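J.: Dropping a structure here in structure tokens format, bear with me for questions.
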């Protein structure tokens, strides 16, 4: 069985991305609740849509600014990026 990876990312609006995975599963995630409630200074710049959209697809995962912001691929798959 091959490792799960991201194949395609589409910007929907603002901080919302539609993510297509290697098994063709699609998840739409609004990253705004995470970014705007986090409070960590490294994430402040991602409140700007321009900076948020500066992501890259590296090794099958979504990555911002050389791993400044990255999420476990399993969390992206389920759409659960906010941890209790």
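The values are calculated or read from the model by the stated rules, or taken from the named source; none is laboratory data. Quick caveat: nothing in here was measured; it's all calculated off a predicted structure. Cβ: placed from backbone, ideal geometry, glycine included. Neighbour counts: every protein chain shown.
J.: On the basis of being under 20 Å from residue 6 (Cβ atoms) and touching a helix residue (DSSP H, G or I) at 6+ places or on another chain (Cβ under 9 Å), does residue 79 make the cut?
T.: When the stated conditions are applied, residue 79 does not pass them.
J.: Of all residues in segment 36-68, count the ones that are touching a helix residue (DSSP H, G or I) at 6+ places or on another chain (Cβ under 6 Å), at pLDDT 95 or above and under 27 Å from residue 3 (Cβ atoms).
T.: The total comes to 3.
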